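Trainee: I have a structure here, written as structure tokens, and I will follow up with some questions on it.
No value in this document is a laboratory result; all are computed from the given coordinates. Keep in mind it's a predicted model, so treat the numbers as computed, not measured. Cβ sites come from the backbone with ideal geometry, for glycine too, and all protein chains shown count toward neighbours.
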Amino acid sequence: MLLGCTFNQAETQAMSVQRDVSHSNKIILSYVQAYLQIGNINKAREQFQKIEDPESNPSAMITLAELRAAEGDTIGAQQAFLFSLAYNQLTTPFHHTQVSPDLLDFFCQEKKWPALDAYAAALIDTAEVIDTINSTFSKLGVCFFNGQRWQEADDLFKQLNFALPVQPFSYLALARNSIEQEQYSAAKSWIAKFEETKTTIDAKILWTAFEVYRALGITDNALQMDEHLRALFPNSQYVPKLQMLVQPAQITPIALEPTAKSESELESTSMKPPPTKTFHSIRGGETLYQLSKLYALSIADLLLWNPDLVIEDIALGT
């Protein structure tokens, strides 16, 4: 009985010490985050050094990632963040609000795809039913979309709960992604939803809408986006791209229903002069999606350079 009491007292004391350390660390982390918010990196660094055993504290490692990001140490920020995610998944349940939007913006700007991939995977695995999670999925999806990482963006957009508010640009990105995957009917639906919900415009939005409308052959809307982009954002990076385009009248609508060709037509269209090194001749079974991967281009670029293509009716030898 005496031994049992002694053990319980020791155990209680150890637990008390752990609680004290945990409480102390939380207070220190709050100071670190406060200093980071006002831009005092030196003070934030000094406070962080007071944390006991930060490697075993996922919240501390996320804060360290924020500190490293503020210092401009992209590698250190990513390492701390990945360490936090790995440790967190083995211990306590992951919660997306632990990660600040500013840190995600930093990783997105620096194109730290491993950190963003790991965070997206953790976010999907938790299956949290939280209203605000849509904004997080949208932020990540748009980041991957802007990096032309179409599949990762699509995977994240599919996690959106459309019964809850969705950022309008997510609908536009879904439309653009659908063009990349040659799903033109879906693209029409998504851009219609974007038009219903949009509240703001910028050069990126106008250019993306132009790409979608042009790929769909909705000429009037494409020309409207062109006009707005030139008028409102004449110095944007997209205006030179517009100036390289063919005449608007050459914007060709796609056929939403494929038109079957006879064998004789296929044979006749395949008897064309051999292409030069700057051209690709369509062979049986090839799609624009396959060519975009083969040449590391986007489908939008292929359409830009080949304005007369009817996407779902490309003859062999084209």
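Trainee: For segment 111-222, just the Cα atoms, rotate onto the principal axes and tell me the three extents in Å, largest first.
Mentor: Between the extreme Cα coordinates on each principal axis of segment 111-222 lie 43, 27, 25 Å.
Trainee: Compute the distance from the alpha-carbon center of segment 53-89 to that of segment 158-200, in whole Å.
Mentor: The distance from the Cα centre of segment 53-89 to that of segment 158-200 comes to 34 Å.
Trainee: At a 10 angstrom cut-off on C-beta neighbours, averaged per residue, how do the peptides 170-181, 282-293, 143-154 rank from highest to lowest?
Mentor: Values: 170-181: 24.2, 282-293: 13.6, 143-154: 18.7.
Packing proxy ranking, top to bottom: 170-181, 143-154, 282-293.
Trainee: Which Cα, out of PRO168, GLY147, ALA192, lies furthest along the positive dipole direction of segment 139-199 (beta carbon charges, K/R +1, D/E -1)?
Mentor: Toward the positive end, the furthest listed residue is PRO168.
Trainee: Given R₀ = 25 Å, FRET efficiency for ILE314-GLN224 by Cβ-Cβ distance, to 0.05?
Mentor: Plugging the Cβ-Cβ distance into 1/(1 + (r/R0)^6) gives 0.35.
Trainee: For the pair PHE279 and ALA231, how long in nm is the line joining their label points, each one 7 Å along Cα→Cβ?
Mentor: Rounded to a tenth, the inter-label distance reads 3.9 nm.
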